[in-house]
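Accompanying notes for the structure given below.
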């Protein structure tokens, strides 16, 4: 983590008047001397009136934690004019008191509507999106081209080796997912190999996440969600997946291959036929 470079305060300010031990000497010009005298007079007055120059950091800490959801430390340090180390100590609750000026600087920063591109965020959503695209047969090369990043990074994120990533990369991965998730992947050996490896690892495809949601929720457990499905719920999801693949233009044989033999080819053909005609088979009559 790098810290933001600070320039010296302007003449006539308390900070320039007192200087910084070990960094900058105090300034003896007339404006700085007046600022220093004014500050000392205010300190004496506060002391006589029983006013403390410090306040409880709880309010500033709460606001700082809200800001840090969308702003990185470098951006926060530049916006508040407070050293990075001080911000971290307030954020982590290591300060029992802070100055009123420090609180005012933190509270003066408005929460941005758009996140800081350079901020590191949880990679769960990005990992699941990359896994889903691989499960749908999109090669890592195609995903990299759509997301504007390199193959090694995509593979590392998809395999869960990066717990956090920068927000701008997460946004590019999300945009690539929106473009590719429900578009059929090209039919070639790379597509088949990518899909087979993804399914062998137990990754979920885009349709699975479309059904369940929570793709960005780290607390959501896909395996637990699968375990609570009964036979009829699994059948319903499979039917919806087959109908979606048919809508994308896949033949029954291609759908059967994509599902990895989880349902019979005859069932796939029947569901596709029912979807095309809009007429469902009477299973009781067929059984009789």
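Just so it is clear, none of the values below were taken in a lab; they were calculated from the coordinates. What you see is a predicted model, and the numbers here were worked out from it, not measured in a lab. Methodologically, a virtual Cβ is constructed for each residue, glycine included, from the backbone with ideal geometry; neighbour enumeration extends over all protein chains shown.
Alpha-carbon geometry of the range 1-143: the Rg and the Dmax are 21.6, 75 Å, given in that order.
Most tightly packed first, judged by the mean number of other beta-carbon atoms within 10 Å of their residues, the peptides 12-25, 245-258 read 245-258, 12-25. Each principal axis of the Cα cloud of the range 11-86 was taken in turn, and the coordinate range along them, longest first, works out to 42, 32, 19 Å.
At what distance in nm do the modelled label points of residue 99 and residue 212 sit from each other, each positioned 7 Å from its Cα along Cα→Cβ? With each label placed 7 Å out from Cα toward Cβ, I get 5.2 nm. Our Cα-only numbers for the range 231-287 put the radius of gyration and Dmax at 11.0, 31 Å.
The Rg/Rh ratio of the range 120-221, with Rg taken over Cα atoms and Rh as the Kirkwood radius over Cα pairs, comes to 0.93. Annotation: the range 143-274 has a Kirkwood hydrodynamic radius of 16.5 angstrom, from the mean reciprocal C-alpha pair distance.
Measuring r between the beta carbons of residue 141 and residue 178 and using R0 = 22 Å, the FRET efficiency lands at 0.70.
At 0.36 nm per residue, minus the direct Cα-Cα distance, what do residue 171 and residue 155 gain on full extension? Give it in nm, one decimal, please.
Numbers: separation 16, 0.36 × 16 = 5.76 nm, distance 1.69 nm.
Result for the pair: 4.1 nm of gain on full extension.
Ordering 156-167, 90-101 by mean Cβ neighbour count within 10 Å, with the highest value first, yields 156-167, 90-101.
Seen against the Cα atoms of the chain and their longest principal axis, helix 231-247 is set at about 90 degrees. Using 0.36 nm per residue and subtracting the Cα-Cα separation, the extra length available between residue 266 and residue 59 on full extension is 68.1 nm.
For the range 9-51, state the average projected area of the convex hull of the C-alpha atoms over all orientations, rounded to one decimal in nm².
Working: hull surface 12.6 nm².
For the Cα atoms of the range 9-51, the hull's average projected area reads 3.2 nm².
Computed over the alpha-carbon pairs of the chain, the distance histogram in 5 Å steps reads 1, 5, 9, 11, 11, 10, 8, 7, 6, 6, 5, 5, 4, 4, 3, 2, 1, 1, 0, 0, 0 percent, short to long. Computed on the range 60-116, the Cα convex hull volume stands at 65 Å³ per residue. Here the extension length gained between residue 26 and residue 248 equals 72.7 nm, from 0.36 nm per residue of separation less the Cα-Cα distance. In the chain, helices alone account for a calculated mean residue ellipticity at 222 nm of -17000 deg cm²/dmol, with every DSSP H run of four or more residues adding -39,500 (n - 2.57). Here the peptides 129-142, 28-41, 55-68 are ranked by packing, the mean other Cβ count within 10 Å, and the order with the highest first is 129-142, 55-68, 28-41.
Can you give the FRET efficiency for residue 223 and residue 164, using 1/(1 + (r/R0)^6), R0 = 25 Å, r = Cβ-Cβ distance, to the nearest 0.05? Could you put the intermediate results ahead of the total?
Working: r = 23 Å, r/R0 = 0.91.
Computed FRET efficiency for residue 223 and residue 164 comes out at 0.65.
Computed over the alpha-carbon atoms, the range 132-189 gives an Rg to Rh ratio of 0.95, Rh here being the Kirkwood radius from the mean inverse distance.
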